[in-house]
Structures are given as structure tokens and as C-alpha cells.
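The values are calculated or read from the model by the stated rules, or taken from the named source; none is laboratory data. Keep in mind the model is a prediction, meaning the values are calculated, not measured. Cβ sites come from the backbone with ideal geometry, for glycine too, and all protein chains shown count toward neighbours.
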2 protein chains.
Amino acid sequence: MQLRLAIVQTNPVFGEVELNVRSALNLMRSTPADLYVLPELFNTGYNFIDGVEVSRLAESTSGPTFQSVAEFARDQACHVVYGFAESAGRIYNSAALVGPGGFMGLYRKVHLFDREHLFFTPGDLGFRVFNLPFGNVGLMICFDWIYPEAARTLALKGAHLIVHPSNLVLPYCPDAMVTRCVENRVFAATADRVGREDRGGVDLRFIGKSEIVSPRGEILGRLGADEVGILVMGLDLHEADFKKLTGYNDLLVDRRPEQYSA
Amino acid sequence: MQLRLAIVQTNPVFGEVELNVRSALNLMRSTPADLYVLPELFNTGYNFIDGVEVSRLAESTSGPTFQSVAEFARDQACHVVYGFAESAGRIYNSAALVGPGGFMGLYRKVHLFDREHLFFTPGDLGFRVFNLPFGNVGLMICFDWIYPEAARTLALKGAHLIVHPSNLVLPYCPDAMVTRCVENRVFAATADRVGREDRGGVDLRFIGKSEIVSPRGEILGRLGADEVGILVMGLDLHEADFKKLTGYNDLLVDRRPEQYSA
């Protein structure tokens, strides 16, 4: 089954959850797709000043952001992955997967970046893959890109596509995701944000460049550094089943863990 | 201690071991350095037709190629890493480290590429790091680049510099090594070959682009796709000691292996 995959590049206004959710869903409504990927913390913005602020903006997996996204997914008969600050006793930097029937799964960011350590508890659910009608989708968030173990774990669990909500500030990730795809022969969809958040003396600029990359490392589409927008592509995720780089090389089978002991 | 690191990009004539060794050493003699990196199988060429041919061209770690390189290393008071077909009961695609005092260590290619599976036994020594006067040097060969576990294992064992003799035919490696350096905050030196070997119905073209990359992913120098040549750079390998990407992120310490179980 062909997947129409959409990555949504946003520029949220910090703290304006209702506005941010509405803007994103309007953009998505204009562009039919089977799976939409939204950025990390797409509803709140990123640059929290303190824990009080995070607590105020965090939501449960059945909060108002979920309700709006779930309504969209039901109406459009689609799937959506979105990043949000998850309130669950502790607060996590999470991504939820929502389908036409509602909540389907959760990933909690394992590798926190910079000041996120002040606001979030590191993820405790491992890296998870969900079997969807169009293929197997694995979740990771933003800075997880720098740990090859993240994408590798998802590939070993059978992911065809790595869905990757992000708020990138370092320049490396868009090119590094090409390596992640080549080394695992998977698709990847990075949904990043654009814009700037200068709050509490911390000035952050986000690099955009949301992209979809193929198992052969082709950048199938990449958005700009500054634009809000949406990119949709038709993909056959089962291309990622073919791990044979040559007649003698099966990429994942040929791993030699016994040689990797440090 | 500042390291003068040289990568040597060659175009060996298949089977002409004496000529190939002499050409490479002449090039090296013209350019003083502390550590020279030669390509994979630099003395024999790459595109073997059958096992008989490999057996004929393979050498022990004290064979004629070693003798010539060791003489050079003694005379120039330098270190050299070179790739060769190693005869040791079985035949390995190996790299030897030679210093002013002679043989210092060996790596046997763990991840064989394509028809190499017909000619070589997969490496059985793991990934090894050698403590040299200018820093810790880890060895991997060519296709090992596609397995993030290779560079990661070397980084976890303390490598400042990954030395990477290669005979690249796929296009991905030069950019992928940038990711390897960024994700491990290490230097890397890939010594590739150029030219074409059309033998026994198998036509291979080598991509050149030998390069030195910094722990911040900067391509400090990259040779062309067709030229024979040598690139020398002055490096302080201890830059690779600093794994703190931010005040809250220590790249290797922050790995979370318990979250990576597949």
C-alpha cells in the first residue's frame, strides 16, 4: 500500500497552544495524506524558562492537544505523530501516535539535549515500532539522531520508516539522517520547526530543513530553512525490506555484535 | 604533541606489489609526517579473480611489504598504517600499524564487502585502539564505515583518531564519515585509492575523496576523485577528548544502553 507521507514544518508562538495546534491542523487540512509528522513540542514551543512553565504547558496523552489531533485523525481517516510536553506524574518530552481510532502509542525522548535536562525526565519506554497499514513506523525525537543506537534499535525492531519530530538548533542533523538511512536501509521523516525563540536570556534559532530520506540515502524532499510549510510524498515503505546491499551483504544480518565489545 | 597526519591516495597496478609499495613510499618520502595512512590492499590492488590469486599475493605480517614499510618507518622515525592481504593460515583483509621500532599491531576487517566474502575470512580481533605518542589511534577498514558500531566501539575504547584504509566503490562514505566524527567526537582519516580495475568480468571504479575530518564534523581536507596524492595536516588529537556537546551533554557518557535492546 502506497503511503502519502507528510512532514509539517511549523513556527509555533511560544505558549500559545490553541493557536499553534489550530495553525498546524489548518495546514494539514489543505494537504491530504495518510501520515502526518509534526515537530517536537509543536503545540507549546521549545524554549522553556523554568520548570513551572513546563508544568503549566504539559498535557496528558488525553489532553486538549490530543483531543484536537484525534478529531482531525478521525475526520481525515489518517495517522498523526506529534511532539508535546507530556504530563504523567513526571514530565517527558514525548511524541504520540494517533490514528483514526484514537491514541495508538507513545515515545518518550531518550536523549535529552542541553537545557531539556532541566525540564524533562529522560524517556523510559525504549525505542518503539508500530505496525501500521502502510508499514512499520518507529519513533525518535530530535537529538536522538546523534546516537546511532536509536535508529539502529528501530531498524532492528523492523521499522521501515523512522518518524522524527524535531526542533533542531545544531546544523548536523539533516545530513546525518542520510547516514542513518543508508546504514539501516530505512526511510526517515524529520519534521522540524523554523523561527527563533529568545527567552530568559537564551536565544535559539531553529534550522528548518525538514526532510524525507530514502533507504538509499536520497533526500527525496527537503524544506527550506525559514519557511512554514508541508511536504507530501508517495512512498512504498516496503522498499525498506530490502537490506541486501550486494549479493553478499545483508546489512542487518551481517552485524557482528561479538566484535563490538568495548 | 602536534601530529602531522598524512593520508596517501594511490592508484596501484593490480598484482605489482613491488611497484606499488615503491610508488607509495616515494610519495611519502617527499612529504614529512608522523603518521601515514595508506589505502586498503595498497600493495596488491583490490579486484581479485579467485582465491588462488589472493593466496599468491597475500603476505604475513613480516612479509616483503612489511619489510619495506618498516624500513621507511625506522628511517623516517614515523608510524604507518597500511592495508594488505594477510596470510595467517587463513587469509584476512588486514591493516598493520608499523612504528619506528617495527610491527606494532594488526586489525582484521570485520565487515567484508561484496566478493571479499569469497576471498577473505572475516576479522576476529575486534576493533583495536593503539596508544601512540600523539594520541590513541583506532583502526577500521573501508566498509566498516557503514556499521556505526565500528567507529562507536573505537570511540568507547578511547580512540582520538580513526584511521581508515579504504578502497571505496559506493558513493556514501566520504559524507558518512562526517556523521561518524560528529556522533563520536573523534578525528577520522580515510585513505582511499583511485582508478579502475576491470578484471574477470567485474569492473570496479574507486572514488578517491580521501579525507581528514574533525570531531566537529569539519572536512579539514579532501582529495579529488581521480588524483594520486598525499594530504598532510597538523592536528592536536586531544581535541577529541572533549565530548561535551553542551553543558548538559557528554556524548559518550550519556549513552543509554538499557534503552537500546532490540
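Just the residues that are in a loop (DSSP other than H, G, I, E, B) and over 10 Å from the mean Cα position of the chain (by Cα), please, taken from the stretch B:23-40.
Let us first name the residues in the stretch B:23-40 that are in a loop (DSSP other than H, G, I, E, B), namely B:30-34, B:38-40.
Selection gives B:Ser30, B:Thr31, B:Pro32, B:Ala33, B:Asp34.
Go through B:Tyr36, B:Tyr46, B:Tyr82 for me and flag whichever is in contact (Cβ under 8 Å) with a residue 24 or more places away in the chain and over 23 Å from B:Val137 (Cβ atoms). If you could, list the steps in order and put the result at the bottom.
Values: B:Tyr36 fails: over 23 Å from B:Val137 (Cβ atoms); B:Tyr82 fails: over 23 Å from B:Val137 (Cβ atoms).
Of B:Tyr36, B:Tyr46, B:Tyr82, the one residue that is in contact (Cβ under 8 Å) with a residue 24 or more places away in the chain and over 23 Å from B:Val137 (Cβ atoms) is B:Tyr46.
Here is a list of conditions, (1) under 22 Å from A:Ile162 (Cβ atoms); (2) in contact (Cβ under 8 Å) with a residue 12 or more places away in the chain; (3) crowded, with 18+ Cβ neighbours inside 10 Å, and A:Val228 meets all of them except one; can you say which number that is?
Condition (1) is where A:Val228 drops out.
Which one is nearest to A:Val194 (Cα to Cα), of the residues in the stretch A:229-257 that are in a loop (DSSP other than H, G, I, E, B) and more than 14 Å from every other protein chain (Cβ to nearest Cβ)?
Filtering the stretch A:229-257 down to residues in a loop (DSSP other than H, G, I, E, B) leaves A:236, A:242-243, A:247-248, A:251-256.
If we keep only those that are more than 14 Å from every other protein chain (Cβ to nearest Cβ) too, we end up with A:236, A:242.
Working: A:Asp236: 28, A:Phe242: 34 Å.
For the stretch A:229-257, the residue satisfying everything is A:Asp236.
If I ask for residues that are farther than 18 Å from A:Arg193 by Cβ, of a type in the set (A, V, I, L, M) and part of a helix (DSSP H, G or I), which ones from the stretch A:63-89 would you list?
A:Ala70, A:Ala73 - these are the residues of the stretch A:63-89 that are farther than 18 Å from A:Arg193 by Cβ, of a type in the set (A, V, I, L, M) and part of a helix (DSSP H, G or I).
Taking the stretch A:212-225, which residues are within 14 Å of chain B (Cβ to nearest Cβ) and crowded, with 18+ Cβ neighbours inside 10 Å?
A:Val213, A:Ser214, A:Pro215, A:Gly217
What pairs come up if the first residue lies in the stretch A:243-255 and is without any contact (Cβ under 8 Å) to a residue 12 or more places away in the chain, the second is among the β-branched types (Val, Ile, Thr), and their beta carbons are under 8 Å apart, counting only those six or more places apart or on different chains?
Taking only residues 6 or more apart or on different chains, not a single pair turns up.
Show the residue pairs meeting these rules: Cβ distance below 9 Å; 6+ apart or different chains; first residue within the stretch A:207-220 and at pLDDT below 95 and assigned to a loop (DSSP other than H, G, I, E, B); second residue among the β-branched types (Val, Ile, Thr) and surrounded by fewer than 22 Cβ atoms within 10 Å (Cβ to Cβ).
Every condition considered, no pair remains.
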